[in-house]
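**Student:** This is the structure I have questions about; it appears just below.
The values are calculated or read from the model by the stated rules, or taken from the named source; none is laboratory data. As the structure is a computational prediction, the values presented were derived from the model and not from experiment. A quick note on method: Cβ atoms are made from the backbone with ideal geometry, for glycine too, and the neighbour counts reach across all protein chains shown.
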Amino acid sequence: MLNQNKSELELLKDEIMQLKSIVEGYKDIIEETSAPFIPSIIPRTFLVPIAGTLSAERLETIVDKIVKDSSIPDIDNVIVDVSGISKQHLSGLSMNSFGNYINKLKQTLTLMGIETYFVGISPDLAREASFLEKSFLADLKSFLSFKEALKHLMKKEGYVLQRVGK
């Protein structure tokens, strides 16, 4: 009986290890897809949409991923789309903490020579952010939508959108 219990315990331990391995694999997939790096129509410009519930751990992972993905040559602009984030998505995070992650991302990319733009800031996040330190908001480049950011960058880079044919 005791040997049978030991063997059952070993089987359960093996099963737990297999499940942990599966969970780690899913975590890797979630990490890879949590901030996709999408090329835009403007050369050297990428869009990074962020959506879903944000914890400190997930935000740290997202910031690290964006910085890593931005280290490839020929990137001048990164547009971070937070339209999928509202105050309710800040899982236990204070607005100040969220702002610190945004600021960390912006400052790191600036040091790498990359302009960072934020789009889709919801009204509730904007209202809360207005209470943050002025230094945080001073040089934050933001637009209502991805379209508006692209219009700005097209003008800045000297591109014109033109209809071809009818």
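**Student:** Quick one: D64 ticks every box in (1) in contact (Cβ under 8 Å) with a residue 24 or more places away in the chain; (2) in a helix (DSSP H, G or I); (3) charged (D, E, K, R); (4) within 23 Å of R44 (Cβ to Cβ) bar one, so which box is it?
**Tutor:** (1)
**Student:** Going residue by residue through the stretch 155-165, is there one that turns out to be among the β-branched types (V, I, T) and under 15 Å from the mean Cα position of the chain (by Cα)?
**Tutor:** no
**Student:** Filter the stretch 86-108 down to the residues that are assigned to a loop (DSSP other than H, G, I, E, B) and over 17 Å from L132 (Cα atoms), then identify the one that is modelled with the lowest pLDDT.
**Tutor:** Per the stated criteria, the residue is S91.
**Student:** Is one or more of the residues making up the stretch 116-127 surrounded by 14 or more Cβ atoms within 10 Å (Cβ to Cβ), more than 17 Å from A56 (Cα to Cα) and touching a residue at least 60 places away in the same chain (Cβ under 8 Å)?
**Tutor:** no
**Student:** Now for a different question. Does D139 satisfy being within 12 Å of the chain's Cα centre (by Cα) and either modelled with pLDDT under 90 or surrounded by fewer than 19 Cβ atoms within 10 Å (Cβ to Cβ) (or both)?
**Tutor:** Taking the combined requirement at face value, the residue does not satisfy it.
**Student:** Being surrounded by 14 or more Cβ atoms within 10 Å (Cβ to Cβ) and of a type in the set (V, I, T) is the filter here, so list the residues in the stretch 55-102 that pass it.
**Tutor:** If the condition is that a residue be surrounded by 14 or more Cβ atoms within 10 Å (Cβ to Cβ) and of a type in the set (V, I, T), then T61, I62, V63, I66, V67, I75, V78, I79, V80, V82, I85, I102 are the ones that fit.
**Student:** Okay, moving on. Only one of these conditions is not met by I75: (1) within 22 Å of K151 (Cα to Cα); (2) in a helix (DSSP H, G or I); (3) out of contact with any strand residue (DSSP E or B) (no Cβ under 6 Å at 6 or more places or on another chain). Which number is it?
**Tutor:** It is condition (2) that I75 fails.
Here's the yes/no breakdown for (1) assigned to a helix (DSSP H, G or I); (2) out of contact with any Pro (no Cβ under 6 Å at 6 or more places or on another chain); (3) modelled with pLDDT of 85 or more:
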{"position": "Q18", "(1), (2), (3)": "yes, yes, yes"}
{"position": "K27", "(1), (2), (3)": "yes, yes, no"}
{"position": "A35", "(1), (2), (3)": "no, yes, no"}
{"position": "E57", "(1), (2), (3)": "yes, yes, yes"}
{"position": "K68", "(1), (2), (3)": "yes, yes, yes"}
